[in-house]
Each structure stands twice: as C-alpha cells, then as structure tokens.
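The values are calculated or read from the model by the stated rules, or taken from the named source; none is laboratory data. Just so it is clear, the model here is predicted, and its values are computed rather than measured. Every residue, glycine as well, gets a Cβ built from its backbone with ideal geometry; the counts of neighbours run over all protein chains shown.
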Amino acid sequence: MSAEDVLARWQEDERRARASLREPGVATTAQLGERAGLQFFEDMMAGKLPGAPIGQLMDFVPVEFASGRFVFQGTPGPQHYNPIGTVHGGYAATLLDSCVGCAVHTMLPAGKGYTTLELKVNYVRPLTTRTGPIRAEGKVISLTTQIGIAEGRIVDAQGKLYAFATTTCLVFPMPAA
C-alpha cells in the first residue's frame with residue numbers, strides 16, 4: 001500500500017472515530033467496574049460512554065483497538081509547539097502513555113482498573129506541523145494479576161518512527177461505586 005493510500009485510510013479512520021465519539025467526560029466508577037476493558041472501549045466508540053477529555057484537549061482519537069492492542073491518531077498542530085519550534089515532547093509522551101495504558105486496559109476483566117507506575121519514552125526525531133497525521137500504537141508485553149507491561153510506538157503514514165515507549169502499570173480492584 002502506498003503512503004498516499006495509507007494516509008487516505010488514516011484520514012477516513014479518524015473521521016469515522018470522531019463521528020462516533022460522544023462529548024468528552026468521565027465514566028462513573030460503576031460504568032468502569034461493570035465492564036471488562038475491551039467492552040469499555042467498545043461502548044465508548046459506540047457513543048454509550050463519554051469520550052476522553054485528554055483526547056479533546058490534545059486533539060487525538062482512538063482509531064483501532066483489540067485485546068492487548070490500542071491505537072490513537074492525531075495530527076500535531078501549532079498549539080502543541082514548544083518555544084524552540086517543534087512539537088513539545090509532552091504531546092508524544094501523552095499519546096504513548098495513552099496507547100500503552102489503554103492496551104493494558106483492553107485485557108482487564110470487569111472490576112479491575114489500572115494506573116501508570118512508570119513510563120519510559122525515547123524520542124527519535126522531532127514532530128512538527130509538517131509531519132501530518134501520526135499514530136501511537138500500544139501492545140501488551142505481559143499482564144499478571146497486579147502488573148501490566150506494554151510498549152508503544154509513534155509513526156507517520158510513511159512508517160517513519162518518531163518516538164517509542166515502555167510502561168509498567170499497576171492493576172488493582174476497582175473501588176465499590
């Protein structure tokens with residue numbers, strides 16, 4: 001598939017994802033606790049649960065997910081720049097933290113939650129407004145009853161790597177509603 005074909009598919013995926021998401025908000029403890037992770041994201045993309053406020057703030061959306069895998073897409077803009085003329089590293093770190101954490105979440109049973117304990121990011125090249133759409137893909141490496149480990153990568157439509165990360169997440173029982 002050519003880079004132009006990939007870009008066209010990505011643009012359509014993002015349009016479809018944005019159209020399906022509800023207004024941003026925070027799910028209740030009950031909504032979180034009664035759904036397995038994969039069901040939580042299916043319900044979010046079906047408009048049954050609110051979208052993530054961080055996605056609206058940073059202008060990225062979930063475009064693909066399956067058990068142990070999660071992909072966000074966004075396009076770096078001038079609002080993401082630092083004073084030295086490139087996209088702030090926090091934009092990439094946020095995308096990576098989101099994709100790796102959500103990848104872990106997709107594998108959790110109902111009644112379990114998670115939080116990031118550690119995130120290690122390596123920046124390979126700068127993001128700019130000329131980069132175009134990027135995808136942050138997270139994949140689970142290991143999941144136990146208490147620890148989730150995942151890795152993530154940010155690439156553009158040509159497959160060029162911009163940053164990668166690993167995370168360790170704490171898995172815990174959700175508190176009662």
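With respect to the conditions (1) surrounded by fewer than 21 Cβ atoms within 10 Å (Cβ to Cβ); (2) under 26 Å from Val140 (Cα atoms); (3) in contact (Cβ under 8 Å) with a residue 40 or more places away in the chain, Gly37 falls short on a single one, namely (1). Evaluating Phe41 against the criteria (1) part of a strand (DSSP E or B); (2) under 20 Å from Arg22 (Cβ atoms); (3) among the aromatic types (Phe, Trp, Tyr) leaves one unmet condition, (1). Of the residues making up segment 125-177, those that are small (Gly, Ala, Ser), out of contact with any helix residue (DSSP H, G or I) (no Cβ under 7 Å at 6 or more places or on another chain) and at negative phi are Ser142, Ala176.
For (1) crowded, with 17+ Cβ neighbours inside 10 Å; (2) out of contact with any strand residue (DSSP E or B) (no Cβ under 8 Å at 6 or more places or on another chain); (3) of a type in the set (D, E, K, R); (4) closer than 28 Å to Gly25 by Cβ, each residue gets a yes or a no:
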{"position": "Phe60", "(1), (2), (3), (4)": "yes, no, no, yes"}
{"position": "Ala66", "(1), (2), (3), (4)": "no, yes, no, yes"}
{"position": "Gly74", "(1), (2), (3), (4)": "yes, no, no, yes"}
{"position": "Gln79", "(1), (2), (3), (4)": "no, yes, no, yes"}
{"position": "Gly90", "(1), (2), (3), (4)": "no, yes, no, yes"}
{"position": "Val121", "(1), (2), (3), (4)": "yes, no, no, yes"}
{"position": "Gly132", "(1), (2), (3), (4)": "no, no, no, no"}
{"position": "Leu143", "(1), (2), (3), (4)": "yes, no, no, yes"}
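Table: residues versus (1) aromatic (Phe, Trp, Tyr); (2) out of contact with any Leu (no Cβ under 9 Å at 6 or more places or on another chain).
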| site | (1), (2) |
| --- | --- |
| Thr116 | no, no |
| Tyr123 | yes, yes |
| Thr128 | no, yes |
| Gly132 | no, no |
| Gly138 | no, no |
| Leu143 | no, no |
| Gln146 | no, no |
| Val155 | no, no |
| Gly159 | no, yes |
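When Gly113, Gly132, Gly138 are checked against the criterion of being touching a Cys at 6+ places or on another chain (Cβ under 8 Å) and either modelled with pLDDT of 95 or more or of a type in the set (Gly, Ala, Ser) (or both), a single residue qualifies: Gly138.
Checking Arg16, Arg35 one by one, the residue that is under 16 Å from Val104 (Cα atoms) and among the charged types (D, E, K, R) is Arg35 and no other.
Considering segment 11-32, the residues that are touching a strand residue (DSSP E or B) at 6+ places or on another chain (Cβ under 9 Å) and not in a helix (DSSP H, G or I) include one that is surrounded by the most Cβ atoms within 10 Å (Cβ to Cβ), namely Leu21. I need every pair where a residue in segment 47-68 that is at positive phi has its Cβ under 7 Å from the Cβ of a residue that is among the hydroxyl-bearing types (Ser, Thr, Tyr) and surrounded by fewer than 20 Cβ atoms within 10 Å (Cβ to Cβ), sequence separation at least 6 or different chains. Filtered contacts from segment 47-68: Gly47/Ser20.
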